[in-house]
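I have placed the structure first, in the form of C-alpha cells, so that the comments after it can refer back to it.
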C-alpha cells in the first residue's frame, strides 16, 4: 500500500508550516519532518488510528498529530492510503 497525498493536503500543510515558521523556522521544519514520518508509516498499520468522527466509513481514519487532525482514507481497491486535508480541531 502506498501513501497518496492530495493537492488539498499540500495546500493546507503549507499554510500550517507558514504559521509555525512565523514563530520558529526550526520548529516548522521539525513539525513537517515528524509528520512525514507518521504519515509514511501508515501503510504498516493502516487501521491503528481512530475511525474518523466525521464519517461512518471504517476506512476513513484520523491521525492525531501535535494538535492537528490528519484524516486519511484507506482505499483497498487502489491499494493506497489517501491523505486528506489536515485541520486544527
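Figures for the structure shown
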quantity: Members of segment 1-38 that are part of a helix (DSSP H, G or I) and in contact with a strand residue (DSSP E or B) (Cβ under 9 Å, 6 or more places away or on another chain); calculated: 9, 12, 13, 16, 31, 34, 35, 38
quantity: Residue list for segment 18-39, restricted to those being without any contact (Cβ under 8 Å) to a residue 12 or more places away in the chain and surrounded by 15 or more Cβ atoms within 10 Å (Cβ to Cβ); calculated: 20, 21, 28
quantity: Complete set of residues in segment 42-73 that are without any contact (Cβ under 8 Å) to a residue 24 or more places away in the chain and exposed (fewer than 13 other Cβ atoms within 10 Å of the Cβ); calculated: 44, 45, 48, 50, 53, 54, 56, 57, 58, 64, 67
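Each value in this text was obtained by applying a stated rule to the coordinates, not by laboratory testing. What you see is a predicted model; the values in this text were computed from it and never measured. In this analysis, Cβ positions are derived from the backbone assuming ideal geometry, glycine residues included, and neighbour counts consider all displayed protein chains.
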